[in-house]
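Reading through the structure tokens given below for one structure.
Just so it is clear, none of the values below were taken in a lab; they were calculated from the coordinates. On a predicted model such as this, the values are computed, not experimentally measured, just so you know. Cβ placement follows ideal geometry from the backbone for every residue including glycine, while neighbour counts extend to all protein chains displayed.
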């Protein structure tokens, strides 16, 4: 698939239509990134711009030469830092879709999402329907993603559902709201920034609807390379909900449910000696966070001290 999938005709007509950009934060997965960019070329509604942000040039090796029209940015490692840099770059964009570098969209994803933003001015954030999520297991290949999308059948007739938050692997925002309210991703949440999607979603919630677009379907591959160590993620699974509860962007009910669910999954996975996910490391991180909570020294940043 070539580098010219964002046609000159699309770029010339952008001023007459809603301008949609795709923003991808990536680190340590240049090959996966190139694969995902290639799949974007299958969209029936092409994006008006694509922005990619990485910690270093090595993280986007091959991207500039393969896709010269893509805006390549650098920022400190960490999802909030990188996504804030992406938002800063998207100054001429009306709707910005945040994609994980391993999220494969159905070909009509952007068209379905655009229709909702056009027809519902009260919508400020959308997320798609994830028909398969490899992050909960060993991960999925691109071929498996295409098979899952084909097996999903016709889109559901219900166009949208109101939800509490967008899912960070595929989450689109109305940029006029972001700009006027000066909204940012919280850079106190380090690295993978567990629950940064909840935090940002609830920051946008006072200004309109957050919805799942049922017809905008995709598959999250859940690629394991480039992810943070299990103990660090485990620490964040406890520290980040507590931080967001105190901040007011996560309800007690949601936060406690998240922590309980993660603890249960990590205990069960450790007992089963699960291989695909480092449950033992995550459980160790959970325990360290609980201990720090008792000692009143728990902060999201202390996840960086976990090995």
Inset, instruction - Please give, to one decimal in nm, the separation of the simple spin-label points placed at residue 61 and residue 297, each 7 Å out from Cα toward the Cβ. - result: 4.0 nm
Inset, instruction - Using only Cα atoms, locate the centre of segment 23-80 and the centre of segment 245-299, then give the distance between them in Å, rounded to an integer. - result: 31 Å
Legend entry - Relative contact order computed over the chain (Cα-Cα under 8 Å; 6+ residues apart), in percent: 19 percent
Legend entry - Stokes-Einstein translational diffusion, the chain - Kirkwood Rh over all Cα pairs, 0.692 mPa s, 37 °C, in µm²/s: 165 µm²/s
Inset, instruction - Please order 81, 220, 120 by the number of other Cβ within 10 Å, starting at the fewest. - result: 120, 81, 220
Inset, instruction - Please give the FRET efficiency for residue 17 paired with residue 180, using the beta carbon to beta carbon distance and R0 = 22 Å, rounded to the nearest 0.05. - result: 0.55
Legend entry - Span per principal axis, largest first, for the Cα atoms of segment 148-268 (Å): 40, 39, 28
Legend entry - Crossing angle, helix 109-119 versus the chain [Cα axis fit, 0-90 degrees, rounded to tens]: 80 degrees
Legend entry - Directionally averaged shadow of segment 230-305, computed from the convex hull of its alpha-carbon atoms, nm²: 4.8 nm²
Inset, instruction - Along each of the three principal axes of the Cα atoms of segment 4-159, give the extent in whole Å, ordering the values from largest to smallest. - result: 43, 42, 29
Inset, instruction - Pick out which of 199, 108, 143 has the largest mean-square fluctuation in a Gaussian network model of the chain, springs linking Cα atoms closer than 10 Å. - result: 143
Inset, instruction - Working from Cα positions, state the angle (0 to 90°, nearest 10) between the long axis of helix 230-247 and the longest principal axis of the chain. - result: 80 degrees
Legend entry - Beta bridge orientation in the chain: antiparallel %, DSSP, nearest 5: 40 percent
Legend entry - Residue order, fewest to most beta carbons within 10 Å, for 267, 104: 267, 104
Legend entry - Net lengthening on full extension, residue 275/residue 151 (0.36 nm per residue, minus Cα-Cα): 41.9 nm
Legend entry - Exposure proxy ranking, count of Cβ atoms within 10 Å, fewest first, for 214, 112, 119, 188: 119, 188, 214, 112
